[in-house]
Amino acid sequence: FLFVALVCCLLAAAQPNAYVDRYKEAFALYQKGEKQKALDIFEKIFAEDSTETNALYFKTVLYTELRQFSEASKGYTQLCRMFPDNANYWGYGSFTYTLINQPQTAQFYANKAVELDPYSYQHMLHLAHACLFLAKTNQAVYWYARALQWVPDQQAFEKSFLADFDLFDS
């Protein structure tokens, strides 16, 4: 029995992932700038197999890049449920909820992200944004000041702080 189980495991491991070619196709489309087509492939993969969490992650990132923040928020919510200890999913979820003007939800997600990773300036920045949108000025200033203490360099500042405000402005 043990031998049969071992052989079955080896055969299963030798089988290629049914989605490898589709992932490759999606990444090739993405590199060509055809993000919507790549997104469609990731959507189909995840619809066929909800255990393909890589497809969920990639489609969520693409929704963010395509500025479809409501869909991105839904994806981050799913990722947070599946991976509750991943601070980045909570942080990015917070940011997308801020972008769709749901600051209370954004604050909840940001608090969780900061709790999981208290040294990430990006999570502190997301919490500051949520507080700002909730008109909690003192808390926003506090979290912006905390975040600034952890920013590693000018490039990170421009990519995070300034880019976020440009996005809010648009």
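The values are calculated or read from the model by the stated rules, or taken from the named source; none is laboratory data. What you are looking at is a predicted structure, and each value in this text was computed from that prediction instead of being measured. As a convention, Cβ positions derive from the backbone with ideal geometry for all residues, glycine included, and neighbour counts pool all protein chains shown. Calculation scope for accessible area: heavy atoms of the full protein, side chains included, ligands and nucleic acids excluded. Shrake-Rupley method; radii C 1.70, N 1.55, O 1.52, S 1.80 Å.
Of all residues being over 17 Å from ALA156 (Cβ atoms) and among the hydrophobic types (A, V, I, L, M, F, W, C) in region 88-112, which is most open to solvent (accessible area, probe 1.4 Å)? Just the residue, please. If we take residues in region 88-112 being over 17 Å from ALA156 (Cβ atoms) and among the hydrophobic types (A, V, I, L, M, F, W, C), then PHE108 is most open to solvent (accessible area, probe 1.4 Å). If I filter region 72-90 for residues that are acidic (Asp, Glu), assigned to a loop (DSSP other than H, G, I, E, B) and without any contact (Cβ under 8 Å) to a residue 40 or more places away in the chain, do I get at least one hit? Yes, region 72-90 has at least one match. Residues in region 31-60 that are touching a residue at least 12 places away in the same chain (Cβ under 8 Å), open to solvent by less than 80 Å² (accessible area, probe 1.4 Å) and part of a helix (DSSP H, G or I): 15 in all. Of all residues in region 101-124, those satisfying the criterion of being more than 16 Å from the chain's Cα centre (by Cα) and outside any helix (DSSP H, G or I) are ASN101, GLN102, PRO118, TYR119.
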